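Student: First, the structure itself, so that you have it in front of you.
The values are calculated or read from the model by the stated rules, or taken from the named source; none is laboratory data. Small disclaimer: the values here were computed from a predicted structure and weren't measured. Here the Cβ positions follow ideal geometry from the backbone for every residue, glycine too, while neighbour counts run over all protein chains shown.
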Amino acid sequence: MNATALLLMQLLVILGAARLCGLLLRRLGQPPVIGEMAAGLLLGPIAFGAWWPQAHAALFAPQSLGALSGLSTVGVVLFMFIVGAELRAPEGTRRQVRAAFSVGLLGIVLPMALGLGIAPWLHARFAPAGMGLWPFALFIAATMSVTAFPVLARILKDRGMTGTTAGRLALSSAVIDDAAVWVILAVVLTLAGGAHASVAMTAVGALVLVGLVFGLLRPLYARLLRARLADGQFPPQAFIQMLLGLLACAAAAEWIGLHAIFGAFLFGTCLPREDRLLKHLADKVEPLAVALLMPVLFALAGQATSANAFAGAGIGAFGLILVVAILGKVIGCTAGARLNGHDWRDSLAVGALMNARGLMELVVIKIGLDAGLIGAELFTLLFGMTLATTFMASPLLSLCQRPRRAAHAGLDAHG
């Protein structure tokens, strides 16, 4: 089979598996993206490679993954660009903004502290050879702190909760949480660069990039896009100009030693906060990034997993990672909401929602794997934790809402 035919066959299998698993998870009341992530794991050596090793070796031979890697990079760049464009500062009264910052802060500090606590034990057993403790420990702390803003928004939309107190607070807190995690991850990648000269160059390059994006590109694209959007149209020329800025920022971030997604995310955040622009992006970019290219990222991540990860001490390590991830997020975010006067039901609902890690976590751990911060076994354990915490968000939310629904039902019965 030639390279083109093999790539098309890989895409056919990946998209078919993602679609089937997405439909299955939707029937279980879960966002389809969880099924698509699970499909990526199933296509790797843990399931497909174990059940049908000859077919797996033929379809996903290591030397054939280069094209998929390129497609997944484009997909994650487009996805992070959309996330950056959708990012909004917390809105509402001063009390609501203060509550969002409290939840976001405690939803980062407590998981990071717990992650730092287990990092030495994980480092001794799973760290790649030559990887220092602090870059490794900071990366583990970052992975404990991620919240999946897109998955959270999808859960709230499916449940009609976007206008509720818990829904608004969780969305605002997730914005703060994710922005902070990307900064932390940038610092970790800079520290992992090795030589002091390399670290200094990356840090200076990052500052220069931020300055150029917000000092030059932000006003430039504000004038360009607002003029184009004034008549309600979004011509192809404007779309191409936006893609040029996106690719330039992604390439610059990669060149200075950060991942391309940082440049994409940064460029997205500098665009005008226009609902009409978001609609155009949702129509033109999101279907390509989410429907086609994200399943490729999931499948490629699945190929990097290790079938031996859950053997021996791996089961205990997975249990420890899962418990730390859940407790850090649920307790931290619940406490942040309670400290700002929200009742227990709303506070626990916020904690349950913020525990969903989804695609954002998968992107983070894939970056860590590619950068050599973690190996295949720990990557597999973190992949499993990502699926578990994202899957449990909806059931935990239902559990938090049940007393309120039961109370309303009782009032209706007596009324």
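Student: With the requirement that a residue be closer than 10 Å to residue 143 by Cβ and among the polar types (S, T, N, Q), what does the range 350-388 give you?
Tutor: Of everything in the range 350-388, just one residue is closer than 10 Å to residue 143 by Cβ and among the polar types (S, T, N, Q), namely 386.
Student: Another question about this same structure. Go through 336, 332, 316 for me and flag whichever is among the small types (Gly, Ala, Ser) and surrounded by fewer than 19 Cβ atoms within 10 Å (Cβ to Cβ). Give the steps one after another, and end with the answer.
Tutor: Values: 336 fails: surrounded by fewer than 19 Cβ atoms within 10 Å (Cβ to Cβ); 332 fails: surrounded by fewer than 19 Cβ atoms within 10 Å (Cβ to Cβ).
Step by step, each of 336, 332, 316 is checked, and only 316 is among the small types (Gly, Ala, Ser) and surrounded by fewer than 19 Cβ atoms within 10 Å (Cβ to Cβ).
Student: Continuing with the same structure: Would you be able to tell me the number of residues in the range 49-68 that are surrounded by 14 or more Cβ atoms within 10 Å (Cβ to Cβ) and touching a residue at least 60 places away in the same chain (Cβ under 8 Å)? Give the derivation first.
Tutor: Filtering the range 49-68 for residues surrounded by 14 or more Cβ atoms within 10 Å (Cβ to Cβ) gives 49, 56, 59-60, 64-65, 67-68.
From the residues that got through so far, the ones that are touching a residue at least 60 places away in the same chain (Cβ under 8 Å) too are 49, 60, 64-65, 67-68.
Matching residues across the range 49-68 total 6.
Student: Still on this model: Residues that are farther than 26 Å from residue 184 by Cα and either modelled with pLDDT of 90 or more or part of a loop (DSSP other than H, G, I, E, B) (or both): does the range 400-413 have at least one?
Tutor: To start, the set of residues in the range 400-413 that are farther than 26 Å from residue 184 by Cα comprises 400-413.
Cutting the leftovers down to either modelled with pLDDT of 90 or more or part of a loop (DSSP other than H, G, I, E, B) (or both) gives us none.
Scanning the range 400-413 turns up no residue that is farther than 26 Å from residue 184 by Cα and either modelled with pLDDT of 90 or more or part of a loop (DSSP other than H, G, I, E, B) (or both).
Student: Looking only at the range 260-291, filter to residues that are among the basic types (Lys, Arg) and touching a helix residue (DSSP H, G or I) at 6+ places or on another chain (Cβ under 7 Å); which one of those is surrounded by the most Cβ atoms within 10 Å (Cβ to Cβ)? Lay out the reasoning, then the answer.
Tutor: Residues of the range 260-291 among the basic types (Lys, Arg): 273, 276, 279, 284.
Retained after the next criterion (residues that are touching a helix residue (DSSP H, G or I) at 6+ places or on another chain (Cβ under 7 Å)): 276, 284.
On the way: 276: 16, 284: 14.
Out of the qualifying residues, it is 276.
Student: Show me the helices (runs of 4 or more DSSP H) found entirely inside the range 143-230 where at least 3 residues are under 14 Å from the mean Cα position of the chain (by Cα) and not aromatic (Phe, Trp, Tyr).
Tutor: On the way: elements: 149-158, 165-191, 196-212, 218-229.
Correct list: 149-158, 165-191.
Student: Got a sec? Which of 175, 181 is out of contact with any Ser or Thr (no Cβ under 6 Å at 6 or more places or on another chain) and either closer than 28 Å to residue 320 by Cα or of a type in the set (D, E, K, R) (or both)? Full working, then the answer.
Tutor: Values: 181 fails: out of contact with any Ser or Thr (no Cβ under 6 Å at 6 or more places or on another chain).
After applying the criteria, what remains is 175.
Condition check ((1) in contact (Cβ under 8 Å) with a residue 60 or more places away in the chain; (2) over 26 Å from residue 374 (Cα atoms)) across all residues:
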position	(1), (2)
280	no, yes
292	yes, yes
303	yes, no
323	no, no
327	yes, no
340	yes, yes
350	yes, yes
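Student: So if I check each of 265, 239, which one is more than 27 Å from residue 186 (Cβ to Cβ) and hydrophobic (A, V, I, L, M, F, W, C)?
Tutor: On the way: 265 fails: more than 27 Å from residue 186 (Cβ to Cβ).
Sole residue among the options that is more than 27 Å from residue 186 (Cβ to Cβ) and hydrophobic (A, V, I, L, M, F, W, C): 239.
Student: Which of (1) modelled with pLDDT of 90 or more; (2) touching a Phe, Trp or Tyr at 6+ places or on another chain (Cβ under 9 Å) does residue 150 not meet, given it meets every other one?
Tutor: (1)
Student: Within the range 180-198, is even one residue of a type in the set (S, T, N, Q), surrounded by fewer than 23 Cβ atoms within 10 Å (Cβ to Cβ) and more than 30 Å from residue 28 (Cα to Cα)?
Tutor: Within the range 180-198 (the criterion being of a type in the set (S, T, N, Q), surrounded by fewer than 23 Cβ atoms within 10 Å (Cβ to Cβ) and more than 30 Å from residue 28 (Cα to Cα)), the answer is yes, since at least one residue qualifies.
Student: While we're here: Could you say which residue among 145, 173 is touching a Cys at 6+ places or on another chain (Cβ under 8 Å), crowded, with 24+ Cβ neighbours inside 10 Å and modelled with pLDDT of 85 or more? So that I can check it myself, show each step before the final result.
Tutor: Details: 145 fails: touching a Cys at 6+ places or on another chain (Cβ under 8 Å).
Checking each option against the conditions leaves just 173.
Student: When you go through 39, 67, 55, 85 one by one, which is the residue that is of a type outside the set (Val, Ile, Thr) and either touching a strand residue (DSSP E or B) at 6+ places or on another chain (Cβ under 9 Å) or modelled with pLDDT under 90 (or both)?
Tutor: Working: 39 fails: either touching a strand residue (DSSP E or B) at 6+ places or on another chain (Cβ under 9 Å) or modelled with pLDDT under 90 (or both); 67 fails: either touching a strand residue (DSSP E or B) at 6+ places or on another chain (Cβ under 9 Å) or modelled with pLDDT under 90 (or both); 55 fails: either touching a strand residue (DSSP E or B) at 6+ places or on another chain (Cβ under 9 Å) or modelled with pLDDT under 90 (or both).
Exactly one residue qualifies, and that residue is 85.
Student: May I ask you to say which residue of 358, 314 is at positive phi and in contact (Cβ under 8 Å) with a residue 40 or more places away in the chain? Working first, answer last.
Tutor: Values: 314 fails: at positive phi.
Every option except 358 fails the conditions.
Student: Take the residues in the range 231-256 that are out of contact with any helix residue (DSSP H, G or I) (no Cβ under 8 Å at 6 or more places or on another chain) and not in a helix (DSSP H, G or I); name whichever of them is nearest to residue 276 (Cα to Cα).
Tutor: So, considering only residues that are out of contact with any helix residue (DSSP H, G or I) (no Cβ under 8 Å at 6 or more places or on another chain) and not in a helix (DSSP H, G or I), the one nearest to residue 276 (Cα to Cα) is 233.
Student: May I ask you to list pairs of residues, at least six apart or on different chains, whose Cβ atoms are under 8 Å apart, with the first in the range 242-256 being buried (at least 19 other Cβ atoms within 10 Å of the Cβ) and the second being not in a helix (DSSP H, G or I)?
Tutor: Hits for this filter: 242/271; 253/259.
Student: For residue 238, are the conditions met, namely being within 21 Å of residue 68 (Cα to Cα), surrounded by fewer than 21 Cβ atoms within 10 Å (Cβ to Cβ) and among the hydrophobic types (A, V, I, L, M, F, W, C)? Lay out the reasoning, then the answer.
Tutor: On the way: within 21 Å of residue 68 (Cα to Cα): no; surrounded by fewer than 21 Cβ atoms within 10 Å (Cβ to Cβ): yes; among the hydrophobic types (A, V, I, L, M, F, W, C): yes.
So residue 238 fails the test.
Student: Can I ask one more? If you take the residues of the range 35-48 that are closer than 14 Å to residue 291 by Cα and in contact (Cβ under 8 Å) with a residue 24 or more places away in the chain, which of them is surrounded by the most Cβ atoms within 10 Å (Cβ to Cβ)? Before the answer, list the steps.
Tutor: Filtering the range 35-48 for residues closer than 14 Å to residue 291 by Cα gives 35-37, 39-40.
Of the ones still in play, those that are also in contact (Cβ under 8 Å) with a residue 24 or more places away in the chain are 36-37, 39-40.
Numbers: 36: 26, 37: 32, 39: 26, 40: 27.
Among those residues, the one meeting the criterion is 37.
Student: Please report, ordered by residue number, the helices (runs of 4 or more DSSP H) entirely within the range 319-391 with at least 1 residues that are modelled with pLDDT of 95 or more and hydrophobic (A, V, I, L, M, F, W, C).
Tutor: Values: elements: 344-354, 358-370, 376-391.
Fully inside the range 319-391 and qualifying: 376-391.
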